[in-house]
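What follows is one structure encoded as C-alpha cells, with my remarks underneath.
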Amino acid sequence: MGFFDKAMEMAKGALDKTKCVTGFHDLSSWSYQSAKSCVQKRHCNRSGCLQTESQTTHDWPKFIYVSEDSCEQQRECRRCKETEKQTHHASWGKWTYLKPDKCDQSRKCGRCNAMEKTIEHVWEAWNYESPTSCAQVRFCRRCNDKERKEPTEQDHRWGQPIRLNCRFEEIICGHCHKKKTNSLVFAQHVWGQWRQSSLHPDRLERRCNECGERDERDKT
C-alpha cells in the first residue's frame, strides 16, 4: 500500500471516529439474540467503535376473548411466550334513563353484563339571570338541574363609547350597567386658539384646554 493510500485510510479512520464521537454511527440491522427471545440488538460497523443498542420487539397475534361470557382478552407472543391482557367490551347496549325525572343513564354489555353509568342532561338555552345581570343560567328539562356562568366580554350589551378626557373613554353595558374604561388610540384634545409661541418668535403654539398639552407649528 502506497503512502497516498495509507494517508487516505488514516484520514477516513479519523473521520469515522469523529462521526462516532458525535453520535453518527454506522449501525447494523436489528437482529434477534435467539429464537425464543424478543430482544434485538445492533452495533456500529466501524472499527474500534463499541456502540451497541437494544430493543424489545414482540411478535404479537390478535387479541382473543378468554371465554364466551367474558370481555377479557389475551394474546401471547409467538417468540418469547410473553402474554398481554386487556378488557374490550364489544357489545354495549343503548344508554337508557333510569327514572323519568332523573338524568342518570346506564348501559349493559351484552357479552359480560358489565354496567356503565353516566349523567346526560337535556339543557334549555342560556338566558340572562335577571333584567340587571349579564350572568346566564340554564335548566335541565328532565331533572331541573341548574348551571350558571359568569358573563364574558361578548355577553355584555356594550353601548357607544363616552369620552372621559383626552386619553380615555368609558363604555357602559346597557343590561347590567357594568362600566369599563379604554385607552384611546389617538388622544382627543380640546385645543385652544393658536397664539404666538412663548419659545420661538417665528412659530405659533396652542394648548389643550383639558390636559394642557402643548402643540406648535410654523407661522404659515
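With Cβ to Cβ distances under 9 Å as the rule, what net charge do the other residues near Glu116 carry (K, R +1; D, E -1)? Don't jump to the answer; show the numbers that get you there.
Working: positive: Arg107, Lys108, Lys117; negative: none.
Result for the neighbourhood of Glu116: +3.
Quick one: work out Rg over Rh on the C-alpha atoms of region 138-220, Rh as Kirkwood radius.
Details: Rg = 23.7 Å, Rh = 16.9 Å.
With Rg and the Kirkwood Rh in hand, the quotient comes to 1.40.
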Debye intensity ratio in log₁₀ form over the Cα atoms of region 129-183, taken at each q of 0.15 Å⁻¹: -0.53
Between His43 and Lys108, what is the label-point separation in nm under the 7 Å Cα-to-beta-carbon projection? 6.2
Could you give each residue of region 75-86 its phi-based ³J(HN,Hα) in whole Hz, using Karplus coefficients 6.51, -1.76, 1.60 with θ = phi - 60°, and x for Gly or Pro? 8, 10, 4, 5, 9, 9, 6, 5, 10, 10, 10, 8
Given the options Asp26, Asp59, Asp202, state which has the largest fluctuation in a GNM of the chain using a 10 Å cut-off (strictly under) for Cα springs. Asp202
For every other residue with a beta carbon closer than 15 angstrom to the beta carbon of Glu82, add +1 if it is Lys or Arg and -1 if Asp or Glu, then tell me the sum. +3
The Cα extents of the chain along the principal axes, largest first and rounded to whole Å, are 100, 89, 20
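Ordering Cys211, Cys71, Cys176 from largest to smallest accessible area (1.4 angstrom probe), what's the sequence?
Numbers: Cys211 75, Cys71 5, Cys176 35 Å².
From most exposed to least exposed: Cys211, Cys176, Cys71.
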Would you pull out the residues with amide H under 5 Å of Ser133's amide H, same chain only if 5 or more places away, H placed 1.01 Å from N? none
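Using the scaling law 2.2 N^0.38 Å as the reference, what is the normalised Cα Rg of region 173-220? All intermediate terms of the calculation are to be shown ahead of the outcome.
Numbers: Rg = 17.1 Å, N = 48, 2.2 N^0.38 = 9.6 Å.
Normalised Cα radius of gyration, region 173-220: 1.78.
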Could you tell me what percent of the accessible area of the chain is made up of carbon and sulfur, with a 1.4 Å probe and every protein chain present? 50
Assigned charges on the beta-carbon of Lys, Arg, Asp, Glu; region 104-220 dipole about Cα centre (debye): 320
Which of Thr181, Trp158, Ser198, positive extreme of dipole for region 67-220 (C-beta unit charges): Trp158
Measure of size requested: the Rg and Dmax of region 95-193, with Cα atoms as the atom set and Å as the unit; please supply both. 24.6, 91
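Would you compute, from DSSP H runs of 4+ residues alone, the mean residue ellipticity of the chain at 222 nm, taking -39500 (n - 2.57) per run and dividing by the full residue count, rounded to the nearest 500? It would help to have the intermediate numbers written out before the result.
Details: 1 runs with 19 residues, N = 220.
Rounded to the nearest 500, it is -3000 deg cm²/dmol.
Say the cut-off is 22 Å between C-alpha atoms; which of Lys81/Lys108; Lys85/Lys117; Lys99/Lys146; Lys62/Lys108; Lys62/Lys85; Lys62/Lys94 go over it? Present the calculation step by step, with values, prior to reporting the outcome.
On the way: Lys81/Lys108 34 Å; Lys85/Lys117 24 Å; Lys99/Lys146 18 Å; Lys62/Lys108 25 Å; Lys62/Lys85 11 Å; Lys62/Lys94 27 Å.
Result: Lys81/Lys108; Lys85/Lys117; Lys62/Lys108; Lys62/Lys94 exceed 22 Å.
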Only Cα pairs within less than 10 Å get springs; with that Gaussian network setup on the chain, which residue of Lys85, Lys108, Lys17 has the largest fluctuation? Lys17
Which of the listed residues, Cys134, Leu27, His88, is farthest toward the dipole's positive end in the chain, when Lys, Arg count +1 and Asp, Glu count -1 at the beta-carbon? His88
Simple spin-label estimate for Lys17 and Leu98 in nanometres, 7 Å along Cα-Cβ: 7.5
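How much net charge surrounds Thr96 when only the other residues with a Cβ under 15 Å from the Cβ of Thr96 are counted, with Lys and Arg +1 and Asp and Glu -1?
Details: positive: Lys94, Lys99, Lys102, Arg107, Lys108, Lys117, Arg142; negative: Asp101, Asp104, Glu116, Glu120.
With Lys, Arg at +1 and Asp, Glu at -1, the neighbours total +3.
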Straight-line reach from Lys17: which lysines have Cα under 19 Å away, leaving out those fewer than 8 places along the same chain? Lys6
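Let me know the shape class of region 36-145, please: from the alpha-carbon gyration tensor, a ≥ b ≥ c as square roots of the eigenvalues, rounded when a/c is under 1.5, otherwise prolate if a/b is greater than b/c, or oblate. All intermediate terms of the calculation are to be shown ahead of the outcome.
On the way: a/c = 8.14, a/b = 2.00, b/c = 4.07.
Taking the square roots of the gyration eigenvalues as a ≥ b ≥ c, region 36-145 is oblate.
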Top mean-square fluctuation among Thr96, Thr52, Thr118, Gaussian network model of the chain, C-alpha springs under 10 Å? Thr52
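Counting alpha carbon pairs within less than 8 Å and at least 6 residues apart, what relative contact order, in whole percent, applies to the chain?
Numbers: 358 pairs, mean separation 15.9, N = 220.
Averaging sequence separation for qualifying contacts and normalising by length gives 7 percent for the chain.
The values are calculated or read from the model by the stated rules, or taken from the named source; none is laboratory data. Remember, it's a predicted structure, so these values are computed and weren't measured experimentally. Cβ atoms come from the backbone with ideal geometry, glycine included; neighbour counts cover every protein chain shown. Please note that ligands, DNA and RNA were not included when accessible areas were found on the heavy atoms of the full protein model with its side chains. Shrake-Rupley method; radii C 1.70, N 1.55, O 1.52, S 1.80 Å.
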